Amino acid sequence: MITATKNLSTEAMSKILEGENNEYSLIYFPFHGVIGALRAMLAMSGANVTFAQPEDWPAEKKETQFGHMPLLYVTDPTTKQTLELTELSVLEEHIGQKYNFLGSNAWESNQILAYNSATQSLFDKFVTLVVRADPAIRAKMLETFVKGFIGEWAEHHERGLQANVAGGISKQGYYMGDKLSLADLKTATVVPAMRNLSGDKFISEEKTPGIMKVCEMVEADERYKKWKASDDMKVFIEVTKQRFGY
Ligand SMILES: N[C@@H](CCC(=O)N[C@@H](CS)C(=O)NCC(=O)O)C(=O)O
């Protein structure tokens, strides 16, 4: 278990956050879960990062800020002082900002975070309504989720992507501008889970070409390909397949 350095001033902690060559340790279960995009950003950033899982979660849970993972431990390579950062959206914004996954200006950042949040919200509903459902009502909850939420998400994201392409905001098929962002990574890592549940019903080349293009752009990124071929990722892919079927 990693422990954060105690009794640092807020200035000292800020300095660590702003540091250039920080070392990271990201703690989560050994499947994709909610952190596909966060893991991808860290891996693609070229930073020194270790992906690990808790050794004894019930014991470690009590020591964390809110009792949940992901946990990101950030260590200053010189002083070896370590911070514990929590809450997925905050980790995504911090890493996205630091390693250039939030677009090229304030508007792009705003929109990337909005699309990211909307997609995360879809995945969170899946976890709450389906994954955590009592087995006796899971099939019904799955039906409700698929009917009520996947189509709505797909329709709005496709409409936004088409409008961005038409307006010259989305270039090459990314959500924003001409580079891969957190929004692209989030969609590309959530779409396989959604298509596993709903097939081609809502998300397909024919129905949502913009969304499928985002996925294609992510899969074609050399840094992402390298990450997908890594030993860490092989484990996450395998465990996700075994436990969740996608
Ligand atoms: N608000 C938290 C929620 C995270 C969350 O629900 N984490 C789950 C895994 S996806 C977890 O830690 N489960 C184990 C536990 O609660 O003990 C965030 O956004 O990071």
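Side notes on the structure shown:
- Residues in region 98-108 that are without any contact (Cβ under 8 Å) to a residue 12 or more places away in the chain and among the polar types (S, T, N, Q): 1 in all.
- Complete set of residues in region 27-57 that are part of a loop (DSSP other than H, G, I, E, B) and surrounded by 13 or more Cβ atoms within 10 Å (Cβ to Cβ): Tyr28, Phe29, Pro30, Phe31, His32, Gly33, Val34, Ile35, Ala47, Gln53, Pro54
- Just one of the listed residues (Thr187, Thr119) is within 16 Å of the ligand (Cβ to nearest atom), touching a helix residue (DSSP H, G or I) at 6+ places or on another chain (Cβ under 7 Å) and not aliphatic (A, V, I, L, M), and it is Thr119.
- For the criterion of being at pLDDT 95 or above, under 12 Å from Glu84 (Cα atoms) and within 17 Å of the chain's Cα centre (by Cα), Ser45 fails.
- Subset of region 155-169 [surrounded by fewer than 22 Cβ atoms within 10 Å (Cβ to Cβ) and outside any loop (DSSP other than H, G, I, E, B)]: Glu155, His156, Glu158, Arg159, Gly160, Gln162, Ala163, Asn164, Val165, Ala166
- Set Met1, Met69, Met13: member being more than 20 Å from Lys226 (Cα to Cα) and modelled with pLDDT under 95: Met1
- Applying a threshold of 9 Å to beta carbon distances and a minimum spacing of six or more residues, or different chains, the list of pairs starting in region 62-87 at a residue that is more than 17 Å from Leu38 (Cα to Cα) and ending at one that is of a type in the set (Phe, Trp, Tyr) and more than 10 Å from the ligand (Cβ to nearest atom) reads Thr75/Tyr24; Thr82/Tyr73; Leu83/Tyr73.
- Any hit, region 190-199, residues being exposed (fewer than 14 other Cβ atoms within 10 Å of the Cβ) and farther than 30 Å from Asn48 by Cα: yes
- Residues of region 58-109 that are part of a loop (DSSP other than H, G, I, E, B), more than 10 Å from the ligand (Cβ to nearest atom) and under 25 Å from Tyr174 (Cβ atoms): Tyr99, Asn100, Phe101, Leu102, Gly103, Ser104, Asn105.
- Failed criterion for Cys215 (all others in (1) out of contact with any Pro (no Cβ under 9 Å at 6 or more places or on another chain); (2) surrounded by 15 or more Cβ atoms within 10 Å (Cβ to Cβ); (3) under 25 Å from Lys98 (Cα atoms) hold): (1)
- For region 202-221, the condition holds for at least one residue, the condition being that it is out of contact with any Ser or Thr (no Cβ under 7 Å at 6 or more places or on another chain), in a helix (DSSP H, G or I) and farther than 19 Å from Thr119 by Cα.
The values are calculated or read from the model by the stated rules, or taken from the named source; none is laboratory data. Computed from a predicted model, the values in this text were never measured in an experiment. Using ideal geometry, Cβ is built from the backbone for each residue, glycine included, and neighbour counts are taken over all protein chains shown.
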